[in-house]
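Student: Please find one structure pasted underneath; my questions will follow.
The values are calculated or read from the model by the stated rules, or taken from the named source; none is laboratory data. These figures come from a predicted structure and were not determined experimentally. Here the Cβ positions follow ideal geometry from the backbone for every residue, glycine too, while neighbour counts run over all protein chains shown. Just the protein is used for accessible areas: all its heavy atoms, side chains included, with ligands, DNA and RNA removed. Shrake-Rupley method; radii C 1.70, N 1.55, O 1.52, S 1.80 Å.
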Amino acid sequence: MARLRKKTCIALFLFTLFVFGTMMGLRTLKPSDGFSDLAPGLGLLPMIGGRLDRRSVSQDAVSSPRQVRAKVVLSNSGPEGTIFYDVHIFYSVWYGNPSMDGKYMHWDHVLVPHWDPKIAASYPKGRHMPPEDIGSSFYPELGPYSSRDPDVLESHMEQIGAAAAGVLVLSWYPPGLADDNGEPTEDLVPAVLDAAHRHNLKVAFHLQPYRGRSDHSVHDNIKYIIDRYGDHGAFYKFTSSTGNILPLFYIYDSYLTPPENWFDLLHPTGSHSLRGTPYDSVFIALIVEERHKHDILAGGFDGMYTYFASNGFSFGSSHQNWKAVKAFCDGNNLLFIPSAGPGYIDTAVRPWNNHNTRNRVNGRYYETALQAALNVRPEIVTITSFNEWHEGTQIEMAVPKKTVTRLYLDYQPHQPEHYLELTRRWAEQFNKEKETWLM
């Protein structure tokens, strides 16, 4: 009997362990965390009738501030060099280091305090101290680089091309403006366009919120971008089923401006409408809350995207809602552009936000998100992100790194290019499936 009781206890222990592991895995892949938990802090995020029928046809890191570019050598399962212009990837150029910029930028990100002073008191304050301590839970293979380094730009274009993403979506601020943790970067746009062009990539613009942004200032922004860059070979233009070829702009935090103001800019009868002018474009708004889909429609936008890589963080970023959002868009002649990401962890800059962390599970979280995106048959899929290191959504190559004070996450047991390879594999699958959808 004693032996039987012992075996029974062991069996119960193993069963309990299995149930616990299963529950943790389910939380990672399909979390129940809601947007409301983080809503008051959205402003702290680092800085990121007459409608056309929009349908497309179309190893250890070296810790020195300046790094030589990494050579990307990847095996392609499809035709060598194939890229897809219906796979867009969010890209930032706000990073700096002493050798190129005279100081670190963004790698030394401040520890953002919680909006509740009582909760904030329980967490550390201050900022990171590169190169050993950076504002990320992962460590880039290129080290804490400068976005102004030509070798870094070249490596980034190689990596994006290796991932088969044809369009990089560049976070953009008007001349002289920047996010709270960086410096103006508008002067970098020509270098990004030129580098992209060398690799047959295209560049779309991701208009960031800034103090005083309004429908009038966005009117001026669009005019500035098209006048200055519209003729560049890398400037992305979207082709509709009716044959219209227009620039495409993503408007981050579009909900900060009332829909009636957007109407004046984006509806043909608006007081300062861009429609029917040389600056007419495809305008994509951010859906965060469910009500935003109606505001986006009323504002005259051409579609909506979800951006956030944390499943369950917002209504828009929750995979379970994408089918309904896609149906709403189809019924109102809007594009729905879901955003898939490899995971999410921003506790290096928001130490109190652990509940929104989404573990990568060696790539399974990413593949779950990509499959959810493909299930709704979108025209375009966006990837969040190439290099948003603060929020741990990057697919850029990362390496194992351990310092006196930090142990960084990495992609092991896979190689640094693992998420580039996964992106290529799913980009190829996306385009194979699109062929059957059209049939």
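Student: Here are the criteria: (1) assigned to a helix (DSSP H, G or I); (2) over 30 Å from H232 (Cα atoms); (3) open to solvent by 30 Å² or more (accessible area, probe 1.4 Å). Tell me which single one F315 does not satisfy.
Tutor: (1)
Student: Here's a follow-up. Sort out which residues of region 314-357 are in contact with a helix residue (DSSP H, G or I) (Cβ under 8 Å, 6 or more places away or on another chain) and among the acidic types (D, E), and write them in order of number.
Tutor: Scanning region 314-357 gives a single hit, D346.
Student: Among (1) out of contact with any strand residue (DSSP E or B) (no Cβ under 6 Å at 6 or more places or on another chain); (2) under 25 Å from M397 (Cα atoms); (3) of a type in the set (A, V, I, L, M, F, W, C), where does A309 come up short?
Tutor: (1)
Student: If you don't mind, another one. Return the only residue of L407, L374 being open to solvent by 10 Å² or more (accessible area, probe 1.4 Å) and among the aliphatic types (A, V, I, L, M). Spell out the reasoning first.
Tutor: Values: L374 fails: open to solvent by 10 Å² or more (accessible area, probe 1.4 Å).
When all the criteria are applied, what remains is L407.
Student: How do the pairs read when you match residues in region 244-273 that are over 13 Å from A298 (Cα atoms) with residues anywhere that are in a strand (DSSP E or B) and hydroxyl-bearing (S, T, Y), using Cβ under 7 Å and keeping only pairs 6 or more apart or on different chains?
Tutor: What qualifies is I245/T239; Y250/Y305.
Student: What is the residue count in region 370-410 for residues that are assigned to a strand (DSSP E or B) and out of contact with any strand residue (DSSP E or B) (no Cβ under 6 Å at 6 or more places or on another chain)?
Tutor: 2
Student: Same structure, new question: Looking for something crowded, with 22+ Cβ neighbours inside 10 Å, out of contact with any Cys (no Cβ under 7 Å at 6 or more places or on another chain) and among the β-branched types (V, I, T) - is there at least one such residue anywhere in region 249-272?
Tutor: Looking through region 249-272, at least one residue is crowded, with 22+ Cβ neighbours inside 10 Å, out of contact with any Cys (no Cβ under 7 Å at 6 or more places or on another chain) and among the β-branched types (V, I, T).
Student: Within region 333-369, how many residues are part of a helix (DSSP H, G or I), within 16 Å of T423 (Cα to Cα) and open to solvent by 10 Å² or more (accessible area, probe 1.4 Å)? Let's see the steps before the verdict.
Tutor: Here is the first cut: in region 333-369, the residues part of a helix (DSSP H, G or I) are 354-356, 361-369.
From what is left, the residues that are within 16 Å of T423 (Cα to Cα) are 361-369.
Cutting the leftovers down to open to solvent by 10 Å² or more (accessible area, probe 1.4 Å) gives us 361-362, 364, 367-368.
Counting residues in region 333-369 that are part of a helix (DSSP H, G or I), within 16 Å of T423 (Cα to Cα) and open to solvent by 10 Å² or more (accessible area, probe 1.4 Å) gives 5.
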